[in-house]
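*Asks:* I have a structure I would like to understand better, so I am pasting it below and will then ask my questions one at a time.
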Amino acid sequence: AAVLYVSFLLLAVRVHAANFNAAAGSAVAGQIAQANALLYRYRETARTEFLSQAQAAVSAALASAPADYLAQRTAVAVLLATHVDHDLLARVTELNRRFPDDVDTYALLIDAELALGRYAQAEQHTQRLLDLRPDNLPGLIRTAHLRELYGDWQGAIDCLNASLNRVTADDAELRARLYTQLARLHFGAGHS
């Protein structure tokens, strides 16, 4: 009877631990989703309170699960919205090493390199991103940015047009950003 009791007790402890871990994972996923939504709102409105709230949400996620890849990637995205330094580049490079085929991490890596003026490295990583998935939206957007930097106005316009074809109608913020960038490119190219 004692062995049976101990067996049931151990089973109950395992079930409780599994339920606790699932609940904690769910809470972290919710905090990451909240941080991403707030970052989206910040990009849409440029209101810094959304960025502060996103930072708080991602900090809470990292406090609960410091090794969580998505929480770390979201933290990098939030930090990229405020500043870029070599420490941040090192963080995103490490994330890229952990999951080298993650398109969103490559995009963050490229953004950090562009912000630091590391154009050759950004170009190499953009090519790698396009090699992974030739028509992916983050790759096309970064390609357009690089082409603009190198003065290839028509190439940048073509990439942005291809990007717009991949953005759903309900993603108004991204569509607005791309249309604004497209207008700037047409003006820069001398189109009236």
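*Asks:* What number does segment 33-82 give for Rg over Rh if you use C-alpha atoms and the Kirkwood radius?
*Replies:* So for segment 33-82, dividing Rg by the Kirkwood Rh gives 0.96.
*Asks:* Counting pairs of Cα atoms in segment 32-134, how many percent are more than 17 Å apart?
*Replies:* Working: 2758 of 5253 pairs.
When all Cα pairs of segment 32-134 are counted, 53 percent exceed 17 Å.
*Asks:* So how strong a dipole does the chain carry about its Cα centre when Lys and Arg Cβ are +1 and Asp and Glu Cβ are -1, to the nearest 20 debye?
*Replies:* Rounded to the nearest 20 debye, it is 260 debye.
*Asks:* Hey, could you get me the Stokes-Einstein D for the chain, Kirkwood radius over alpha-carbon pairs, 37 °C and 0.692 mPa s, rounded to whole µm² s⁻¹?
*Replies:* 175
*Asks:* Shifting gears a bit: When you have a sec, figure out the Kirkwood radius of segment 123-162 from all distinct Cα pair distances and drop it here in Å to one decimal? Walk me through the numbers before you get to the answer.
*Replies:* Numbers: mean 1/r = 0.1027 Å⁻¹.
The answer is 9.7 Å.
*Asks:* Follow-up question, since we're still on this one. I'd like the accessible area for ASP135, computed on protein heavy atoms only with a 1.4 Å probe and all protein chains in place. Round to 10 Å², please.
*Replies:* About 100 Å², ignoring ligands and nucleic acids.
*Asks:* Please report the spacing between the Cα centers of segment 51-80 and segment 107-177 in Å, no decimals.
*Replies:* First find each Cα centre; the distance between them is then 24 Å.
*Asks:* Work out how much length ALA169 to ARG98 would gain on full extension: take 0.36 nm times their residue separation and subtract the Cα-Cα distance, in nm to one decimal.
*Replies:* 22.3 nm
*Asks:* Right, another one. Largest first, what is the accessible-area ranking of GLU44, GLU113 with a 1.4 Å probe?
*Replies:* So the residues, ranked largest to smallest area, are GLU44, GLU113.
*Asks:* Still on this structure: Please work out how much length the chain gains when fully extended from PHE187 to THR82, using 0.36 nm per residue of separation minus the C-alpha to C-alpha distance, in nm with one decimal.
*Replies:* 35.0 nm
*Asks:* Using Cα-Cα distances under 8 Å and only pairs 6 or more residues apart, what relative contact order does the chain have, in percent?
*Replies:* Normalised by residue count, the contact order of the chain is 12 percent.
*Asks:* So what does TYR119 come to for accessible area, using a 1.4 Å probe and Å² rounded to 10?
*Replies:* Here the residue's solvent-accessible area equals roughly 90 Å².
*Asks:* Here's something else I'd like to know. What order do you get for 162-170, 120-128 when each peptide is scored by the mean count of other beta carbon atoms within 10 Å, highest first?
*Replies:* 120-128, 162-170
*Asks:* When all protein chains stay in place, what accessible area (Å², nearest 10, 1.4 Å probe) is found for SER52?
*Replies:* That residue has around 80 Å² of solvent-accessible surface.
*Asks:* When the Kirkwood radius is taken over all Cα pairs of segment 145-192, what Stokes-Einstein diffusion coefficient follows at 10 °C and 1.306 mPa s, in µm²/s?
*Replies:* For the chosen part, D equals 146 µm²/s.
*Asks:* If you don't mind, another one. Under a 1.4 angstrom probe, counting protein chains only, how are THR74, THR45 ranked by accessible area, largest first? Before the final figure, lay out each step's value.
*Replies:* Details: THR74 5, THR45 50 Å².
Result, largest first: THR45, THR74.
The values are calculated or read from the model by the stated rules, or taken from the named source; none is laboratory data. Computed from a predicted model, the values in this text were never measured in an experiment. Glycine gets a Cβ as well: all are built from the backbone with ideal geometry, and neighbour counts include every protein chain shown. Protein only, heavy atoms only, side chains kept; ligands, DNA and RNA dropped before computing areas. Shrake-Rupley method; radii C 1.70, N 1.55, O 1.52, S 1.80 Å.
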